[in-house]
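First comes the structure, then the notes that go with it.
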Amino acid sequence: MKKLCNSLPFRLLLGIAVGIICGLVFPESVMKVVVTLQYIMGQLITFCVPLIIIGFIAPSITKLGANASRLLGVAVAIAYVSSICAAFMSTAAGYALIPHLSIDTSVAGLKELPGVVFQLDIPQIMPVMSALVLSVLLGLAATWTKSGRTIDLLAEFQNIVLDIVGKIIIPVLPFYIAATFCNLSYQGMITRQLPAFLQIILIVMAGHYIWLAVLYLLAGAYSGKNPWEVLRHYGPAYLTAVGTMSSAATLAVALDCAGKSEVLRKDMVSFGIPLFANIHLCGSVLTEVFFCMTIAKMLYGAIPSVGTMILFCLLLGIFAIGAPGVPGGTVMASLGLITGVLLFKNDGTALMLAIFALQDSFGTACNVTGDGALTLMLTGYAEKHGIRNEDLKTPAL
């Protein structure tokens with residue numbers, strides 16, 4: 001029970017519940033304090049976004065580059081293609097379904113939030129896109145020049161950023177989300193949009209299963225092997241991922257499940273499963289895209305344009321490769337895209353973090369289960385191209 005109460009989903013649920021209740025009873029004088037606190041916490045989170053981008057993306061590139069090989073290149077390519085195709089499928093579903101959901105975008109009858117008591121601005125050290133380009137260039141250049149000190153420095157910086165996220169951002173999130181839902185409840189938005197929240201969670205869960213079916217069918221067709229001989233062993237890994245919300249924490253179980261398959265080469269399992277646990281986040285990407293489109297419609301009155309969504313999906317695939325396999329890793333790594341490309345404000349960012357966290361278990365389970373399909377593709381590629389069956393070392397990711 002104590003472990004459950006200390007978990008992030010429980011704290012977020014508690015924050016949402018407390019925020020909604022407080023928003024219904026707080027007077028305007030108290031809401032001024034809530035709005036101010038939310039603004040300050042939002043500024044802190046926004047400030048950390050470029051640090052998160054650099055800390056996640058650049059070290060990941062150096063680690064991949066240090067183990068560069070033809071097989072690694074194929075693995076990264078299929079992981080990226082899987083993620084962006086899942087994102088595009090989610091985008092198409094969003095344009096088809098979201099206009100028909102019960103989302104009330106009118107502001108008539110909503111209370112107006114009071115202004116902040118005082119405005120504490122914390123500017124970012126650089127724009128989001130600058131951080132992304134810097135991360136890519138730093139990672140690639142350090143790999144090309146084999147700059148050991150820079151690579152070590154980036155790895156240390158990643159550990160620093162992970163500590164910032166774990167010890168500052170994550171503890172702040174429940175309070176930030178509670179303040180956001182307090183504001184939405186005070187305005188009257190929550191009572192209008194509750195059915196929409198429930199609908200989109202069920203829709204994205206259905207999307208997970210559809211995408212897994214597509215991945216396994218494609219893997220079976222390419223490899224010439226029965227994909228069910230992989231998928232049928234993945235039950236324990238799926239349930240573990242639901243419980244841990246972490247691809248990294250599920251890795252041992254996933255390796256055991258994939259190892260039981262008779263159609264997967266053992267060397268491809270030892271190589272592919274740990275690698276994909278870090279770079280293949282198709283379920284999380286699919287979820288994030290649909291949620292972003294829904295929240296944009298809910299809070300800002302319109303779904304982003306097709307061109308904006310295409311750019312968002314293509315960049316999100318890159319961020320997914322660099323995101324850590326920890327709870328909420330994908331959405332935390334891509335906060336810059338949400339604010340920089342989709343132009344979400346603090347309320348939209350907080351709502352995105354809250355809804356994503358509530359179903360992150362199933363997104364992670366989709367990620368982990370999809371790794372089996374990609375490993376089957378690797379097995380097919382290795383056999384088609386005459387790559388010897390060897391005891392490959394797991395990349396140090």
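What the table below lists for this structure:
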item: All positions within the stretch 123-150 that are open to solvent by less than 60 Å² (accessible area, probe 1.4 Å) and over 25 Å from the mean Cα position of the chain (by Cα); result: 141, 142, 143, 147, 148, 150
item: The one condition in (1) buried (at least 17 other Cβ atoms within 10 Å of the Cβ); (2) assigned to a loop (DSSP other than H, G, I, E, B); (3) among the hydrophobic types (A, V, I, L, M, F, W, C) that residue 154 fails to fulfil; result: (2)
item: Residue match in the stretch 349-357 (condition: modelled with pLDDT under 75, within 23 Å of residue 210 (Cα to Cα), not β-branched (Val, Ile, Thr) and not in a loop (DSSP other than H, G, I, E, B)); result: yes
item: Residue in the stretch 278-289 that is modelled with pLDDT under 85, closer than 27 Å to residue 239 by Cα and open to solvent by 10 Å² or more (accessible area, probe 1.4 Å) present; result: yes
item: From 75, 96, residue being within 23 Å of the chain's Cα centre (by Cα) and modelled with pLDDT of 85 or more; result: 96
item: Check on residue 318, part of a helix (DSSP H, G or I), under 30 Å from residue 98 (Cβ atoms), open to solvent by 10 Å² or more (accessible area, probe 1.4 Å) and in contact (Cβ under 8 Å) with a residue 24 or more places away in the chain; result: yes
item: The stretch 21-43 - residue that is out of contact with any Phe, Trp or Tyr (no Cβ under 8 Å at 6 or more places or on another chain) and of a type in the set (A, V, I, L, M) and, of those, surrounded by the fewest Cβ atoms within 10 Å (Cβ to Cβ); result: 25
item: Considering residues of the stretch 335-376 that are closer than 17 Å to residue 294 by Cβ and acidic (Asp, Glu) only, the residue farthest from the chain's Cα centre (by Cα); result: 347
item: Any chance residue 334 is at pLDDT below 85 and touching a Phe, Trp or Tyr at 6+ places or on another chain (Cβ under 7 Å); result: yes
item: Residue list for the stretch 255-268, filter: open to solvent by less than 10 Å² (accessible area, probe 1.4 Å) and in a helix (DSSP H, G or I); result: 257, 258, 267, 268
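Quick grid of which residues meet (1) touching a Pro at 6+ places or on another chain (Cβ under 6 Å); (2) at pLDDT 75 or above; (3) closer than 29 Å to residue 79 by Cα:
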{"position": "178", "(1), (2), (3)": "no, yes, no"}
{"position": "182", "(1), (2), (3)": "no, yes, no"}
{"position": "186", "(1), (2), (3)": "no, yes, no"}
{"position": "193", "(1), (2), (3)": "no, no, no"}
{"position": "196", "(1), (2), (3)": "no, no, no"}
{"position": "200", "(1), (2), (3)": "no, yes, yes"}
{"position": "207", "(1), (2), (3)": "no, yes, yes"}
{"position": "211", "(1), (2), (3)": "no, yes, yes"}
{"position": "214", "(1), (2), (3)": "no, yes, yes"}
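The values are calculated or read from the model by the stated rules, or taken from the named source; none is laboratory data. It should be emphasised that the depicted structure is a prediction, and the values quoted were computed from it without experimental measurement. Neighbour counts are summed over all protein chains in view; Cβ atoms, including those assigned to glycine, are modelled from backbone coordinates with ideal geometry. The area values use the complete protein model at the heavy-atom level, side chains included, leaving out ligands, DNA and RNA. Shrake-Rupley method; radii C 1.70, N 1.55, O 1.52, S 1.80 Å.
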